[in-house]
C-alpha cells in the first residue's frame, strides 16, 4: 500500500504517459459494450474488435441475441476462445434483459451482477465507460500486474485488488486509471519484459529493473 502522496504522483505520471484514457473495445451502445466485454475474457481486445464487426451487424438488440440460433452465435465468436460458454452467457444475459429490463442494459451494479456472464470486471467496464459511473475499478490482467508492481496491492484475487485500489485511489480517478493501466500494460509494462527505461513511474516502482 502506498501513501496518498505517492498515489497522487503515480496518477499524475500515468496520465502524462497515457493522456487519452478510453476503452479499447469498439462499441456504439451499452449492449455492444456488454457483449464485447464478455467476449474479451481470455482474449485480446484486438481479436474481439474483429469478431464484433460481423456480430454487431447481425444482432442489434437483446432480443436478437436471445432468439439467435446457438450454433450461429458460437460460430461467429469461435475465435475468441471458450466460445460455447460465452455464447451461453450472452444468450442468458440477453434473455434476462428482455424479460426483466425491457431489453435495456441496466445502469446499477446490483442489476448488472445478476446477468449471466457478468462479474464485477464486466459490470465496472459498462458502468464506467458507458454510463460514467464510478462504482469500482476495472481489474483485468494488466491492472492486476501493474498494481502489484507499483506496490498498490499484494493481492492476486481481482476482488481484493479492486478493494485495495478503491481504498487508495480517489473515486474521481477510478474510471480513467484502469484504462490507463491497461494501455500502459500493453505498451511499456508488459508481463514478460517491462520496458522500464522510458517509464515515468520507474522511480516510484519497487519492481522496476535496475
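Values in this text are rule-based calculations from the coordinates and carry no lab data. The model shown is predicted, which means the values in this text are computed figures rather than measured ones. Every residue, glycine as well, gets a Cβ built from its backbone with ideal geometry; the counts of neighbours run over all protein chains shown.
Figures for the structure shown
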| item | result |
| --- | --- |
| Where a label projected 7 Å from the Cα of residue 11 along Cα→Cβ would reach, residues of segment 155-183 with amide N under 12 Å | 166-178 |
| The chain: relative contact order in percent, alpha carbon pairs under 8 Å with at least 6 residues between | 24 |
| Residue-averaged [θ]222 nm for the chain, counting only DSSP H segments that reach four residues, each worth -39500 (n - 2.57) | -16000 deg cm²/dmol |
| Segment 22-111 shape via C-alpha gyration tensor axes, a/c threshold 1.5 | oblate |
| Sequence of 9, 40, 79, 173 once ranked by neighbouring C-beta atoms within 10 Å, starting from the fewest | 79, 9, 173, 40 |
| Segment residue 166-residue 104, length gained on full extension (0.36 nm per residue, minus Cα span) | 19.5 nm |
| Cβ-Cβ FRET estimate between residue 26 and residue 84, R0 fixed at 22 Å, reported to 0.05 | 0.40 |
| Two-decimal Rg to Rh for the chain - Kirkwood Rh, Cα set | 1.00 |
